[in-house]
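The values are calculated or read from the model by the stated rules, or taken from the named source; none is laboratory data. Predicted model, so just to flag it, every value in this text is computed and none were measured. Cβ coordinates were reconstructed from backbone atoms using ideal geometry, including for glycine residues, and neighbour counts include every protein chain displayed.
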């Protein structure tokens, strides 16, 4: 398989981290870049996207996107396929598309049904994301440009989703 930058997106609880890690392991040289980990690098003065002041929170979210793009490009230049795991919805998709310079660039949006996300969230120990972020499901559908591969993973295991991505991404997921 050729090297690439692959962005796996979806609302919190959609399965991004699990599927991204599985996907990255499918490449001879694969790396899983969890954008949320970059957000956690801010140990003082950090603001998550749902926190006030909103202007600062959005500035930090944009910084997170720029930094994950730099890492993806760096790994790509070193011969790795970089699988970026981030909630890239709405205008963030166009920002990421211009921030990542490496090509080919693929975008996969995980869109399990909201009830499935609620069930998955209930099984997570110590991490309840559904109540705070469920509204982003509708925002994702309304505001995200229809680019790349959109995949309903409701009835799939993470392994099945990863296999569907591998089978369809090369022909349906590339964004230029």
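Looking only at residues in the range 116-155 that are in a loop (DSSP other than H, G, I, E, B) and in contact with a helix residue (DSSP H, G or I) (Cβ under 7 Å, 6 or more places away or on another chain), which one is surrounded by the most Cβ atoms within 10 Å (Cβ to Cβ)?
Across the range 116-155, the extreme among qualifying residues is 153.
Are any of the residues in the range 66-74 touching a strand residue (DSSP E or B) at 6+ places or on another chain (Cβ under 7 Å), in contact (Cβ under 8 Å) with a residue 40 or more places away in the chain and either at negative phi or surrounded by fewer than 13 Cβ atoms within 10 Å (Cβ to Cβ) (or both)?
Yes, the range 66-74 contains a residue that is touching a strand residue (DSSP E or B) at 6+ places or on another chain (Cβ under 7 Å), in contact (Cβ under 8 Å) with a residue 40 or more places away in the chain and either at negative phi or surrounded by fewer than 13 Cβ atoms within 10 Å (Cβ to Cβ) (or both).
Of these, 96, 111, 33, 105, which one is within 14 Å of the chain's Cα centre (by Cα), surrounded by 15 or more Cβ atoms within 10 Å (Cβ to Cβ), modelled with pLDDT of 95 or more and closer than 18 Å to residue 161 by Cα?
Exactly one residue qualifies, and that residue is 111.
State yes or no: is residue 28 over 19 Å from residue 173 (Cβ atoms), under 12 Å from the mean Cα position of the chain (by Cα), in contact (Cβ under 8 Å) with a residue 12 or more places away in the chain and surrounded by fewer than 20 Cβ atoms within 10 Å (Cβ to Cβ)?
It is false that residue 28 is over 19 Å from residue 173 (Cβ atoms), under 12 Å from the mean Cα position of the chain (by Cα), in contact (Cβ under 8 Å) with a residue 12 or more places away in the chain and surrounded by fewer than 20 Cβ atoms within 10 Å (Cβ to Cβ).
Would you pick out the residues in the range 50-65 that are without any contact (Cβ under 8 Å) to a residue 60 or more places away in the chain, surrounded by fewer than 16 Cβ atoms within 10 Å (Cβ to Cβ) and touching a helix residue (DSSP H, G or I) at 6+ places or on another chain (Cβ under 8 Å)?
Result: 51, 62.
For the range 156-176, what are the residues that are more than 14 Å from residue 111 (Cβ to Cβ), outside any helix (DSSP H, G or I) and in contact with a strand residue (DSSP E or B) (Cβ under 7 Å, 6 or more places away or on another chain)?
Once the filter is applied, which keeps residues that are more than 14 Å from residue 111 (Cβ to Cβ), outside any helix (DSSP H, G or I) and in contact with a strand residue (DSSP E or B) (Cβ under 7 Å, 6 or more places away or on another chain), the range 156-176 yields 174, 175.
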